[in-house]
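The values are calculated or read from the model by the stated rules, or taken from the named source; none is laboratory data. Values in this document were obtained by computation on a predicted structure and should not be read as measured data. For neighbour counting, all protein chains shown are included, and Cβ atoms are generated from backbone atoms with ideal geometry for every residue, glycine included.
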Amino acid sequence: MDETNLISHSKFLDFKSAKSPAGHDWYYVKRTNDKKTHDSAVVITTLVKKDGEYNFLFLKTKRPPIYGENKATFCIESPAGLIGDIDKNETLSECAKKELLEEAGIEPDEVFVELINSSTSAGLSSETLSYVTAVAENYDVISKPVSDGGIICERFFIPAKKVRDYIDNLDQKENSVAAATLCGVFLALKRL
C-alpha cells in the first residue's frame, strides 16, 4: 500500500493526501468508518407495492454542500446509511434494513444485494458504496421515521413505470438527483 498522509480529521471524514502516479500530492476525503472488509455506505433503492403496482421511494433532502454552493435547493436521493458506524459487526443487509426503518419507517420483505465496491467519485474520495434493492410488498409504515436534523424534507413515491418521466421532467435548477440514486434505480429495474 502506498503511503497516505492525514491532513485533518473529523467525526465522519478524514482529509488526506497520497502521491499520484506522477509523484504529485493528491488530496481526497475518506469516511472514517471505511474498512477494507466493507464499503463505506449502502444505498437502499426501495420498491414498495401500493395499489397493486411497485413504486420507488425517494427522499427530497436539503444537503448543505448542494445548496451552499448554489447547485440546487434540494437533492433527490434514495435512503442510505453508513455501514458499521454504530455496530462495527453489522452486515450489509442489517445496515440496509436499519437505515430504511430509520429514514422511512418501512420494513422490507426482501433485500437483494445488487453491487458492491462501487466508487462514488474516485478523484475526490476513497468512498465505495454497496447497492441493495429493498422490496416491500405492502406499504405499511411500522414506525415513525427518525428526525435527521432537517436533512430529509419529504418522502415520496413515484410509480416504477413512470420513474424515467419523473427524472426527465424534474426541475434541475431546483433539484439535483444523486448519481447513487440513478444507479440504484437502474440496478433495481431487474426486480420488476
For this session: Return a yes/no flag: does the range 66-79 have any residue that is touching an Asp or Glu at 6+ places or on another chain (Cβ under 7 Å), of a type outside the set (A, V, I, L, M) and crowded, with 21+ Cβ neighbours inside 10 Å.
Result: yes
For this session: Go through the range 156-181 and give me each residue that's exposed (fewer than 14 other Cβ atoms within 10 Å of the Cβ) and either free of Cβ contacts under 8 Å to residues at least 24 places away in the same chain or in contact with a Lys or Arg (Cβ under 6 Å, 6 or more places away or on another chain) (or both).
Result: 162, 164, 165, 168, 169, 171
Problem set entry | Odd one out for residue 170, checked against (1) in contact with a strand residue (DSSP E or B) (Cβ under 6 Å, 6 or more places away or on another chain); (2) over 17 Å from residue 96 (Cβ atoms); (3) hydrophobic (A, V, I, L, M, F, W, C) | (1)
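Residue by residue, here is whether (1) modelled with pLDDT under 95; (2) exposed (fewer than 13 other Cβ atoms within 10 Å of the Cβ); (3) under 17 Å from residue 128 (Cβ atoms) holds:
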site: 16; (1), (2), (3): no, no, yes
site: 23; (1), (2), (3): yes, yes, no
site: 33; (1), (2), (3): yes, no, yes
site: 46; (1), (2), (3): no, no, no
site: 52; (1), (2), (3): yes, yes, no
site: 56; (1), (2), (3): no, no, no
site: 90; (1), (2), (3): yes, no, yes
For this session: Might you check whether a residue that is without any contact (Cβ under 8 Å) to a residue 40 or more places away in the chain and under 15 Å from the mean Cα position of the chain (by Cα) occurs anywhere in the range 126-133?
Result: no
For this session: Return the pairs, sorted by first residue and then second, in which the second residue is among the basic types (Lys, Arg) and surrounded by 20 or more Cβ atoms within 10 Å (Cβ to Cβ), the first residue lies in the range 22-51 and is within 15 Å of residue 85 (Cβ to Cβ) and touching a residue at least 24 places away in the same chain (Cβ under 8 Å), the beta carbons are less than 8 Å apart, and the residues are 6+ apart or on different chains.
Result: 40/31; 41/31
Exercise. How many of the residues making up the range 152-192 are part of a helix (DSSP H, G or I) and of a type outside the set (Lys, Arg)?
Worked result: 17
Exercise. Can you name every residue in the range 62-103 that is outside any helix (DSSP H, G or I), among the charged types (D, E, K, R) and over 26 Å from residue 158 (Cβ atoms)?
Worked result: 69, 85, 87, 88, 90
